[in-house]
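What follows is a set of notes on a single structure, which appears directly below.
The values are calculated or read from the model by the stated rules, or taken from the named source; none is laboratory data. All figures in this text were calculated on a predicted structure; none of them were measured in a lab. Don't worry about glycine lacking a Cβ; one is built from the backbone with ideal geometry, like all the others, and counts go over all protein chains shown.
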Amino acid sequence: MNKTKIEWTDYSWNPITGCTRGCHYCYARKMANRLKGRAGYNEQEPFTPTFHPNRLEEPLKMQSSQMIFTCSMGDFFGPEVPESWREEVYKVMERTPWHTYQVLTKQKVIGPDERQLFPNNMWIGLSIDGTSGYWEHSLVSLKLCSATQKFISFEPILGDNLPDDISGIDWAIIGAQTGPGASPPGRIIVREVVERLQEAKIPIFVKHNIRKYFVATKDSWWVTREEFPEMASVGI
Ligand code: SF4
């Protein structure tokens, strides 16, 4: 597990890495390519989905309660990830109820058919960038699944293909693309998302990387919102 600078979590933990989806802005793929042949990343295909059983026990070594971004270097629900890998991860989550595990996906959340109940301390989030409607089935599956906290990460927010109905969602993150050649977020789109979330009374975590695009005016007071779902403050 590694301490991370991502503002909405404490640590990243990657017992499963890799993804074949091919998002052009994928930070994890760039990082895996940089690390190829090292740190568990395959020399030839560093971003191919891979299970790292040697990393499974890492959360057990940390006795204090932490927020843990799980599988930040891939897609936990990717179609190439076998259920048996995920099951090993769920077992660790269940053995460490003092931690909160945050999982993000762009795929359909697998459940509740295959697994009736996710671990109580597992939050599941859908990553929506607004460039296309890939998220439609995934959002339905997220709403139907048994996760105790369901969230949407609008990061990087790049287009306006976004859900109108965000009922049943407990939390949202908004962030911009970063790095060389990053596309700025559409100001109107971001405001619309914030308004929609606000109307639905959904807590919003606005990442620092989006603040520079919005001058602090009466209109953009929301850029400093760093909220969490209620359960975050009380523990699970
Ligand atoms: S879904 Fe996530 S991990 Fe997969 S390519 Fe896209 S950004 Fe990278």
Return a yes/no flag: does segment 76-90 have any residue that is modelled with pLDDT of 95 or more and among the polar types (S, T, N, Q). no
Return the pair list, or none, for Cβ contacts closer than 9 Å from residues in segment 4-30 that are within 17 Å of M62 (Cβ to Cβ) to residues that are part of a strand (DSSP E or B) and of a type in the set (K, R), at least 6 apart or on different chains. D10/K3; Y11/K3; S12/K3
When the residues of segment 93-136 are filtered to those that are within 16 Å of the ligand (Cβ to nearest atom) and hydrophobic (A, V, I, L, M, F, W, C), which remaining residue is surrounded by the fewest Cβ atoms within 10 Å (Cβ to Cβ)? I110
Among I188, I173, which is the only one that is in contact (Cβ under 8 Å) with a residue 40 or more places away in the chain and of a type in the set (A, V, I, L, M)? I173
Does segment 7-44 hold any residues that are touching a strand residue (DSSP E or B) at 6+ places or on another chain (Cβ under 8 Å) and within 14 Å of the ligand (Cβ to nearest atom), and which are they? S12, N14, I16, T17, G18, C19, A28, A32, Y41
Looking for something within 14 Å of the ligand (Cβ to nearest atom) and of a type in the set (G, A, S) - is there at least one such residue anywhere in segment 49-72? yes
If we keep just the residues of segment 207-236 that are closer than 19 Å to K150 by Cβ and in a helix (DSSP H, G or I), which is modelled with the highest pLDDT? E230
